[in-house]
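So the structure is just underneath, and the comments pick up after that.
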Amino acid sequence: MKNKGIVFFLITFFLILLTINVSNASVVEIKINSPIHSVTEEYVVKGIEYGNKINADLIIFKIDTPGGLDTSMRKIIKSIINSKVPVSVFVYPSGGRAASAGFFILLASDIAVMAKGTNTGAAHPVSLLSKNNDKTMGEKVLNDAVAYIKNLAEKRGRNIKMAIEAVKDSKSYTDREALVGGLINFIADNSKELIKKANGQKIKRFNGKLERIDIKDKKIIFYDMSWRQKFLNVIANPSLAYLLLMLGLLGLYFEFNHPGGIVPGVLGAIFLLLAAMSFQILPVNYSGLFLIILSIVLFIAEIKVQGFGILGIFGVISLVLGSIILIDAPIKEMRMPLSFVIPTSLFLAAIFVIILILVVRTYKTRIKTGEEGIIGEIGEAASSIKKEGKVFVHGEWWNAKSEDTIKKGEKIKVIGKEGMTLIVKKIEN
């Protein structure tokens, strides 16, 4: 009974300590310093959900981003404006930015803050359709973005004119310009200063309700990415995703032309799976992916049908063009720079061509080993041959057939093979 009482006491004691720790640690901090896509979206949304779950007093969302995908941006904003806990978006550190999609997220926050030396804005939408000279669709996308930012600014009591200009005219603002213009609440050097300045302020939530912030001397809980999110965030790099794709195709191409290697095929399959994971995050142009796959088909066809190099040339062209248009993202940070993609695609195309040449040479070279290699070999009759007999060729005894009459010991040449019987002819002296 005493042991049970001690165990119960210890459990109760630790639960009390845990409760005290959570109650004191009522500011949750999350941060991203990369483009906004599905992985960062998942991380931010779960971080806000965590802040709501522990009944935090404030969620600080540190952001340094060039922008990103519209769908992910809207889901993050939806999570911010529906959060029961106030969310402060903090453009941090100095030299950082909240551009494009980041600007929308900043204006959607309950408390918008920027560090010294940061900037925000340049939020003109870039859609695939508008880039393809579809003027009407481009206007629709722009008007939708203007209406969205106008609504956010109006609900949050921010400068509507400056917000619209950032979208329509791609204007960008320094931290001082944003403060003077009424786009943000204040400037802070770090999270502690943000907490100090935000403490005691009355803020208007998105639903119009007034709420007082009381976060004096509150401890900060850092909500970090899970290992899975960190891994996905790494492979979401477009250049890395491209290399994974090409290494995967190269491995399978090598395995196809040299069956039994196993290792290249297995590694190729793994790389392709990783590339597929990356392409679920990145905006992939499937025309580019099709061209790359087509190039591999052309390389294989060159080997099989002997296209005199024409198919191989088209394969190289298809590979380079597909690589250039493979990733079609709204911001350059999510696209592969031409200075990377062109030399890399040409180098990989050269590897494919070298493998192709080696395989073709192998096919053209007369087989000198195995059963097929015995055709053309010179031997001697091990017995008299009258239609059938025995011959000694290449250090082995064989059954033989011949239309010639051959005496034992005479030289013969192998001209064919039927199963385990050689077809031979007499060599005239």
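Observations on the model:
- Correct choice for Rg and Dmax of the Cα atoms in Å that was computed from the model, options [x] 35.3, 116; [y] 20.5, 64; [z] 21.9, 75: [x]
- When you restrict to C-alpha pairs under 8 Å that are six or more residues apart and normalise by the size of the range 23-228, the relative contact order lands at 22 percent.
- Neighbour cut-off at most 16 other Cβ (10 Å), DSSP loop, trypsin sites (Lys or Arg not before Pro), the range 19-106: Lys84
- Pairwise FRET efficiency - Thr71 versus Asp169, Cβ, R0 = 25 Å, nearest 0.05: 0.55
- Mean Kyte hydropathy of 1.6 or more with a Cα span along the axis of at least 30 Å, helices from DSSP in the chain: 338-364
- Note on the chain: dipole from Cβ charges, positive end direction compared against Ile215, Met420, Thr344; the farthest Cα belongs to Ile215.
- FRET efficiency, Lys304 to Lys116 (Cβ-Cβ, R0 41 Å, nearest 0.05): 0.05
- Maximal additional length on extending the Ile270-Phe347 stretch stands at 25.6 nm, based on 0.36 nm per residue less the C-alpha distance.
- For the range 135-193: relative contact order, % (alpha-carbon pairs under 8 angstrom, 6 or more apart): 27 percent
- Relative contact order (%) - criterion: Cα under 8 Å, at least six apart; region: the chain: 10 percent
- Amide H contacts of Ser170 (H built 1.01 Å from N, under 5 Å, at least 5 apart or other chain): Ala123, His124
- Using a Förster distance of 60 Å, the FRET efficiency for Phe392-Ile324 (Cβ separation, nearest 0.05): 0.45
- Virtual spin-label span in nm between Val297 and Lys407, 7 Å along Cα→Cβ: 6.4 nm
- GNM remark for the chain: springs join alpha carbons under 10 Å apart, and the peak mean-square fluctuation among Ile76, Ile310, Ile164 falls on Ile310.
- Fully extended contour minus Cα-Cα distance, from Lys216 to Phe186, at 0.36 nm per residue: 9.1 nm
- Which of His394, His124 has the fewest Cβ neighbours within 10 Å, and the rest in rising order: His394, His124
- Order of Asp328, Asp217 - criterion: other Cβ atoms within 10 Å of each residue's Cβ, fewest first: Asp217, Asp328
- Interchain or long-range residues, amide H under 5 Å from Gly68's placed H: Ile36, Ala101, Gly102
- Sorted fewest first by neighbouring Cβ atoms within 10 angstrom, Met420, Met277, Met334 come out as Met420, Met277, Met334.
- Annotation: amide H-H contacts under 5 Å for Asp214 (H modelled 1.01 Å from N, sequence separation of 5 or more, or interchain): Gly200.
- Pairs exceeding a 20 Å alpha-carbon distance, out of Lys161/Lys332; Lys53/Lys155; Lys387/Lys407; Lys78/Lys150: Lys161/Lys332; Lys53/Lys155.
Taken together, the values in this text are just the output of simple stated rules run on the coordinates, not laboratory data. From a predicted model like this one, the values you see are computed outputs, not experimental measurements. FYI the Cβ positions are ideal-geometry reconstructions off the backbone, even for glycines, and counts take in every protein chain you see.
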